[in-house]
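The values are calculated or read from the model by the stated rules, or taken from the named source; none is laboratory data. Not measured: the values here are computed from a predicted model. Backbone-built Cβ (ideal geometry, glycine too); neighbour counts: all protein chains shown. SASA here: full protein model, heavy atoms, side chains in, ligands and nucleic acids out. Shrake-Rupley method; radii C 1.70, N 1.55, O 1.52, S 1.80 Å.
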Amino acid sequence: MSDYKIETKCIQSGYEPGNGEPRVVPIYQSTTFKYSTSDQMGRLFDLEDSGYFYTRLQNPTNDAVAAKICDLEGGAAAMLTSSGQAASFYAVMNICEAGDHIVCASAIYGGTFNLYAHTIRKMGVEATFVDPDCSEEELNAAFRENTKAVFGESIANPALVVLDFEKFAKAAHAHGVPFIVDNTFATPINCRPFEWGADIVIHSTTKYMDGHASCVGGAIVDSGNFEWEAYGEKFAGLTTPDETYHGIVYTQKFGKGAYITKATAQLMRDLGSIQSPQNAFLLNLGLETLHLRVPRHCENALAVAKYLKNHEKVAWVNYPGLEGDSYYELGRKYMPKGTCGVLTFGLKGGRDASVKMMDSLKMIAIVTHVADARSCVLHPASHTHRQMNDKELLEAGVRPDLIRFSVGLENAEDIIADVKQALKSV
Ligand SMILES: *Cc1c(COP(=O)(O)O)cnc(C)c1O
């Protein structure tokens, strides 16, 4: 981890060109890499040497961008994935196999809920969902003998619940398992989960990190802090020989890089959810301005939240950056510089009024996206979360009338003017 401040890391981390090399991280638009002897190539396949041989496993463009994200989070090792979903999947499956179990906060992204509640269940890994605001007793009661990880989102999409990191980290560590955090919404600009006890962080880089809605992508960062060998039997995949690599033991050979090396050498090798180097290049451009964009997103979102809060047709507003919000205090504690640019609200006219208002917006678009430069809205009950029943919706913190509003980087007065005229229609 470099000693630079976060703004400098956004620009400088991950890539140090040598004499005559490109100033900007270049796109290594190549599937393969050349070696002079068969033995050199063989050593790479045995994980005896580090280097590149095939882009499905590693590519220098991706590695430079992963190293930047790693430094932003203050981690020990990182990798890029093709999407946030791939990151959530790999992060868990790197340490779980059929017969295992995870504990998961119930207020999470709809796609992650599907993945953990349904898809990995078919692979034999079960998840128990807990209310993120539950008591320590309730949280501890969710653990089983076969629990291998705890998962939560720093700011839940779209419930906007701020995770009580210390409570979740404490429970995870008391049970000898790592605490995995999806830090997509807060970004490392506003929150660094490793400082609050998280062991692994994942991102959908599709959102603020890219910031321009141009590339789907993901990342996994390992703090290097979790002591896999202290719970060696539980994490045998990391602490006992891998026969597919002539019996190497990841923790012994790679130390703080063990978890990411295993995820690359096994999951990326076999499942292949690599980020394209072109996308990694664009993601890197986004990261350079992350420290400028995130505070502006937060500033604009706060202005919109205040406007909505005082509007006679608005029933409720959730924004953890707004004083009086249920998660304002947790937000102040874990992300004192700001939370995110996303807020949610509902109208007194209920679900139908919400839909009518959205249809009346002129500049702000209805888009299945959040966290990019352009303001947009979405109605989770009819879009992203439509596969959930009412009970699941409420458990995920999603009311039927909820409009998710991703406040962009336009002038705040223009954003509010569009909201104002749309509210006249209901
Ligand atoms: C979008 C999102 C994901 C999934 O990421 P993709 O890049 O769309 O696969 C995961 N977590 C959160 C919080 C998200 O907002």
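Quick notes on this one:
- Using R0 = 51 Å, the C-beta based FRET efficiency linking A365 and M123 works out to 0.90.
- Distant alpha-carbon pairs in the stretch 1-155 (separation over 18 angstrom), percent: 70 percent
- Separation of the L285 and D131 label points, Cα + 7 Å toward Cβ, nm: 4.7 nm
- Convex hull projection area averaged over all views, the chain, Cα basis, nm²: 20.6 nm²
- Whole-number percent relative contact order across the stretch 144-250, with pairs defined as alpha carbons under 8 Å at least 6 apart: 18 percent
- On full extension, the segment bounded by N140 and L394 gains 89.2 nm, given 0.36 nm per residue less the C-alpha separation.
- Net charge contributed by nearby residues that have their C-beta within less than 11 Å of E126 (K/R +1, D/E -1): +3
- Cross-link pairs K5/K333; K122/K333; K68/K337; K167/K253; K68/K262; K337/K424 - those with Cα-Cα distance over 29 Å: K122/K333; K167/K253; K337/K424
- Remark on A186: its backbone amide H falls under 5 Å from those of I155, a criterion applied only to residues 5 or more positions apart or on other chains, H modelled at 1.01 Å from N.
- Overall size of the stretch 90-244 from C-alpha positions, given as principal axis extents largest first: 43, 41, 32 Å.
- Per-residue HN-Hα couplings for the stretch 224-239 [Karplus 6.51, -1.76, 1.60; θ = phi - 60°; Hz; x = Gly/Pro]: x, 8, 6, 8, 4, 6, 5, 10, x, 5, 5, 10, 4, x, 9, 10
- Protein-only accessible surface order, largest first, of Y4, Y15, Y28 at 1.4 Å: Y4, Y28, Y15
- Separation of alpha-carbon centers, the stretch 141-189 and the stretch 347-417, rounded to whole Å: 26 Å
- Annotation: T8 carries an accessible surface of approximately 50 Å², with a 1.4 Å probe and no ligand, DNA or RNA atoms counted.
- Nearest-10 value in Å² for the accessible area of L47, using the 1.4 Å probe: 30 Å²
- Taking amide H positions as modeled 1.01 Å from N, with prolines and chain starts lacking one, the residues under 5 Å from I366 and 5 or more places away or on another chain are V377.
- Added length on full extension, which subtracts the Cα-Cα distance from 0.36 nm per residue, S425 to D46: 129.9 nm
- Eigen-decomposition of the gyration tensor built on the alpha-carbon atoms of the stretch 291-423 gives equivalent ellipsoid semi-axes of 21, 18, 14 angstrom, largest listed first.
- For D372, net neighbour charge (Lys/Arg +1, Asp/Glu -1) across residues whose Cβ lies under 11 Å away: +2
- Of the beta bridges in the chain, as assigned by DSSP with both residues counted there, near 55 percent are antiparallel.
- Taking each residue as 0.36 nm, the span from T244 to N114 lengthens on full extension beyond its C-alpha to C-alpha distance by 43.7 nm.
- Relative contact order of the chain, defined on C-alpha pairs under 8 angstrom at six or more residues apart (%): 16 percent
- Net charge contributed by nearby residues that have their C-beta within less than 12 Å of A171 (K/R +1, D/E -1): -3
- Rounded accessible area per residue of the chain, 1.4 Å, Å²: 42 Å²
- Expressed as a whole percent, the accessible surface of the stretch 291-423 that belongs to carbon and sulfur atoms is 50, based on a 1.4 Å probe.
- Amide N proximity, the stretch 53-83 versus T37 label position 7 Å along Cα-to-Cβ, cut-off under 19 Å: 53
- The H on the amide N of I248, modeled in the peptide plane, is under 5 Å from the matching H of D242, each at least 5 residues off or on a different chain.
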